Structures are given as C-alpha cells and as structure tokens.
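Each value in this text was obtained by applying a stated rule to the coordinates, not by laboratory testing. Bear in mind the structure is a predicted one, so any value in this text is a computation, not a measurement. Please note: Cβ atoms are built from the backbone with ideal geometry, for glycine as well, and neighbour counts cover all protein chains shown.
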Amino acid sequence: MQAYWENRFESEDKIWGDKPSNSVYKAISLFNQNHLNRILVPGAGYGRNTKELSKHFDVDGIEISSHAIRLAQEFDSTTTFIHDSVLDLKLDEQYEGIYCYNLLHLFKQEERHLIIDNCKKVLRDNGIAFFTVFSDKDHNNKQGLEVEPGTYEYKPDKIAHFFTEQDLRDHFVHFKIVDCGELKEQLSYHNQSHTFIDLRYIVVRANKSIYMK
C-alpha cells in the first residue's frame with residue numbers, strides 16, 4: 001500500500017487537482033453546527049481537503065506517503081501533517097471530529113476494522129466522524145479479481161471494497177450512527193480528465209457507553 005501511493009504521488013503529483021471534494025463542505029457544515037474545532041484527517045494526501053477544512057478548524061492530517069507530505073506542506077501551510085500509517089496510529093491527541101475521505105475502502109476487512117478502532121481511540125467522547133467510501137453502485141464494483149466478499153482488485157495492485165448501506169452501518173456498530181447516505185462525485189484529474197464515482201457516507205458519534213458493552 002505505501003509503495004503504491006508513494007509511486008503514484010511521485011509520478012502524478014497532485015493527482016486530483018487543487019479543488020476539494022464536495023463532501024468536505026458537508027463535513028464543514030456538520031462540524032460547525034456541533035461547534036467542533038480539533039479535526040483529524042486520516043489519509044490526507046497532498047492536502048486538497050485539509051486546505052479547505054483548515055480555513056475553519058485546527059486540523060491535523062495523517063499521510064503514509066512522504067512525497068504527498070512534501071506536496072501537502074507546500075499546498076496547505078496551515079494544517080499540521082504527520083507522516084504515519086492509519087493502521088498504526090501513535091497519536092496522544094484527542095480530536096473532536098474526524099473527516100476520512102475515500103480511505104476505508106482501500107483495505108481488506110481486518111484492516112478496515114483496525115482503522116475504525118484507531119479512529120475511535122483518538123475521538124473524544126461525543127465526537128463526530130464523517131467517512132466516505134465507495135458504493136456498491138459504483139461502476140467499478142465487481143471489476144477484477146474478488147479478493148474478499150465485496151472487495152476487488154479493480155486496478156492492477158489496487159483493491160477496493162464496495163459498501164452496501166448495511167455493510168457500512170455494520171462497520172460502525174460501536175458508534176451512534178447519526179446519518180448515512182449516498183453521494184455522486186466528479187473527480188477531476190491533473191491531466192484534465194474527469195470521471196464520476198458513486199460514494200456512500202456515514203456520520204457517527206463516539207459513545208463510550210456503547211464501547212463498554
């Protein structure tokens with residue numbers, strides 16, 4: 001995984017251009033409504049989403065690619081970027097909110113649950129997390145070799161899990177689910193090509209009383 005993204009950021013630089021995901025505006029509105037300030041962004045990439053978030057909040061971004069970190073520090077000087085893996089977070093901080101864009105679906109089941117558990121550890125009680133993932137309605141679903149149920153090597157050396165709504169809810173059983181829905185998003189690449197992707201999003205609230213059950 002690390003080698004894949006290191007090579008891709010080195011060869012393609014700002015892969016998806018300078019503009020943030022449309023979903024970041026939904027997250028900003030949600031975080032503002034709940035008066036949040038300290039936000040963590042796992043899988044921050046080169047900072048196209050953190051740059052928008054950091055206009056409103058105190059933001060830390062986690063990124064595994066050292067090349068992406070260098071790009072991010074130039075592109076978004078306000079966010080603090082941390083070179084680390086979401087599978088092995090070593091953060092002492094506690095955050096009021098988490099914005100995790102299109103990261104969770106890049107892993108197999110065991111690792112997906114590990115990422116969620118790691119996010120749970122750094123999210124304050126009653127904190128809010130906003131995740132987006134690939135939907136099972138996306139055109140790439142069922143393309144390539146199925147490596148696990150619902151998970152396909154849809155591009156060479158790259159897997160993705162395509163979530164049904166129930167599957168997504170089941171992943172967050174230890175949180176209070178606030179909202180769950182669908183998004184269609186246009187990705188614009190630095191080479192000016194465009195594609196549409198079908199996403200699901202989930203908004204959850206940390207609840208230690210649920211964890212203890």
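Observations on the model:
- In order through segment 24-30: 3J(HN,Hα) via Karplus (6.51 cos²θ - 1.76 cosθ + 1.60), integer Hz, x for Gly, Pro: 5, 5, 5, 5, 4, 4, 5
- Förster radius 41 Å - calculated FRET efficiency between Asp88 and Asp167, Cβ distance, rounded to 0.05: 0.95
- Proximal lysine pairs, segment 75-175, alpha carbons under 23 Å, eight or more residues apart or interchain: 13
- Of the peptides 124-131, 155-162, the order by per-residue mean of other Cβ atoms within 10 Å, starting with the highest, comes out as 124-131, 155-162.
- Length gained when the stretch Glu74-Asn34 is fully extended (0.36 nm per residue, less Cα-Cα span): 11.4 nm
- Note that segment 55-65 has calculated 3J(HN,Hα) couplings of 6, 10, 9, 8, 10, 10, x, 9, 8, 8, 8 Hz, one per residue in order, obtained from phi through the Karplus relation 6.51 cos²θ - 1.76 cosθ + 1.60 (θ = phi - 60°); glycine and proline are x.
- Length gained on full extension, Asp58 to Asn7, computed as 0.36 nm times the residue gap minus the Cα-Cα distance: 15.4 nm.
- Distance in nm between pseudo-label sites at Lys121 and Ile177 (7 Å out along the Cβ direction from Cα): 2.6 nm
- Placing a pseudo-label 7 Å from each Cα along the Cα-to-Cβ vector at Leu145 and Lys158 gives an inter-label distance of 1.7 nm.
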